[in-house]
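For reference, the structure is listed below as structure tokens.
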Amino acid sequence: MSAGTQVHANLTDEQVRQISEELDEPDWLTETRLEALEALEELDMPDVIRTPGRDWTNLHELDFESLVDPLNAAENKDQVGPDEVDVLSWADAVQEHEDLLKEHFGTIVDPQENYLTALSTALFSTGTVIYVPEGVDAEDVTIRTEQNSRSLFNYTLVVTEKSSSVTILERQSTGEEQDEQYYSGIVEVAAGENSYVQYGSLQNLSEEAYNFTLKRGVTDTYATIDWIEGNIGTQLTKTEVSTLLEGDSSETQIVGAFYGHNDQHFDLDVKVWHRAEHTTADLVTRGVTDDVARSVYEGVQDVGRDAWDTSSYQRENTLMLSDESEADASPKLIINNHDTEASHSATVGQIDQEDLFYMTSRGVDPRAARNMLVEGFFVPVLEEVDVDELRDDLVELIGARLRERE
């Protein structure tokens, strides 16, 4: 554990056992939680994005001791899906699918990967398990989580069997606001052979909240995992979205959109690991910073030695609407197989003054012209969002924030 990491003096084995008992969990899950709690003393915070001369995010400054209240979690949760798919609360999944949980829980995201994953593993009290049987095509699976407590730890597991598909829309929002709140979400997706998963997420928590999320998926042969990640709320978001392409001819697309204003801070980490032959990845992110907001993005395309015939593409663009806002991007290629077609690009800039002048010279109000240019900036990302409801919500939230600026 490095200097500055704060171990919780107020967390005990008894609290963890109480959470586990209330969920009626088997002994092996209780032990996994207790091991994660014990590991906190040795674990460091997640890696943060660094650029020359600067660490953009300092997680060590957060007072987790006061933010985390493990036995007083409160939420409104709505989790629904079609009849042929199991969309279960964590408590129900423990009773109905223990074997499934034992096979997959903690296999994609290591519970002791870092301090915050261990904290979440020890303390999560809510979650959703989505199981799609072989050959089933499922749409309109929705998970809505409204946080009503100082802290909330959430876990989601998605398992798809051979030749199945599922489209999931997840939302996080704030109900009863506290002075400060902490939300933690871990998502594991196991995509079976020739299956398809589209996982859309829209985070619109209170701007008094801190948010740590880690979404990671693993593909079998011919499987596809597509992620859509929208970040609008919180004062600090540290998030990772990643896919391990482990099966031959598997694919992933990761689409991201964010809009920061006031003093919001977004630390966005996007990764793909190519570990099999004929795999394809496409990473697309666009975001806006305004006022004194800050964003930092790191995208990594890692091509392994056995990943023959790889195609991997990445592009990230950030638009700064004020001189005081900050943004940086660090795209990376790690290629260990010459049979690879890959590219990456990143841009950070302001509204094109020639475009603005063109529109105002033809009678468009300057504010309206600026808003139209910002909305147009997001179009290449929005066009990649196949979930109509998520795309419409993003458009509405972006429009509302632009109108707020006026």
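Just a few scattered comments:
- If the chain linking Arg403 and Glu38 were pulled fully straight, counting 0.36 nm for each residue of separation and taking away their Cα-Cα distance, it would gain 126.6 nm.
- Our estimate of slack between Glu103 and Arg17, defined as 0.36 nm per intervening residue step minus the Cα-Cα distance, is 28.8 nm.
- Calculated accessible area for the chain comes out at 41 Å² per residue, all protein chains present (probe 1.4 Å; ligands, DNA, RNA ignored).
- Over 22 Å apart at the Cα level, from the set Lys77/Lys102; Lys77/Lys271; Lys238/Lys332; Lys162/Lys271, are Lys77/Lys102; Lys77/Lys271; Lys162/Lys271.
- Taking amide H as placed 1.01 Å from N in the peptide plane, the amide H of Gly185 sits under 5 Å from that of Asn154, Phe212, Thr213, Leu214, each at least 5 places away or on another chain.
- Shape parameters for the range 103-143, alpha-carbon atoms, Rg then Dmax in Å: 13.7, 38
- Taking label points 7 Å from Cα along the Cα-to-Cβ direction, Ile334 and Ser66 give a separation of 3.8 nm.
- Amide H to amide H, with H built 1.01 Å from N, Asp309 comes under 5 Å of His278, Asp339, counting only residues 5 or more places away or on other chains.
- The convex hull of the Cα atoms of the range 1-99, projected and averaged over all directions, covers 9.6 nm².
- When the alpha carbon gyration tensor of the range 89-164 is reduced to an equivalent ellipsoid, the three semi-axes, largest first, read 24, 16, 11 Å.
- Translational D in µm²/s for the range 293-406 (Stokes-Einstein at 25 °C, 0.890 mPa s, Kirkwood Rh from C-alpha pairs): 147
- Protein accessible area in the range 98-225, 1.4 Å probe - carbon and sulfur %: 35
- For Val218, neighbours were defined as the other residues whose beta-carbon sits under 9 Å from its Cβ, and their charges (Lys and Arg +1, Asp and Glu -1) total -2.
- Once divided by 2.2 N^0.38 Å, the Cα radius of gyration of the range 164-234 becomes 1.31.
- Amide N of the range 7-44 lying under 18 Å from the label point, which is placed 7 angstrom from the Cα of Lys77 along Cα→Cβ: 16-26, 29-30, 33
- Square roots of five times the Cα gyration tensor eigenvalues for the range 271-321, Å: 31, 10, 5
- Per-residue HN-Hα couplings for the range 323-338 [Karplus 6.51, -1.76, 1.60; θ = phi - 60°; Hz; x = Gly/Pro]: 6, 8, 6, 9, 7, 8, 9, 9, x, 9, 10, 10, 10, 10, 9, 6
- Nonlocal amide H pairs with Thr126, under 5 Å, H built at 1.01 Å: Phe153, Tyr155
- Across the chain, Cα-Cα pairs more than 41 Å apart make up 12 percent of the total.
- Kirkwood-based shape ratio for the range 349-406, expressed as Rg/Rh from alpha carbons: 1.03
The values are calculated or read from the model by the stated rules, or taken from the named source; none is laboratory data. Please read these numbers as outputs of a predicted model, since none were measured by experiment. Cβ coordinates were reconstructed from backbone atoms using ideal geometry, including for glycine residues, and neighbour counts include every protein chain displayed. Note: areas computed on protein heavy atoms with side chains; ligands, DNA, RNA excluded. Shrake-Rupley method; radii C 1.70, N 1.55, O 1.52, S 1.80 Å.
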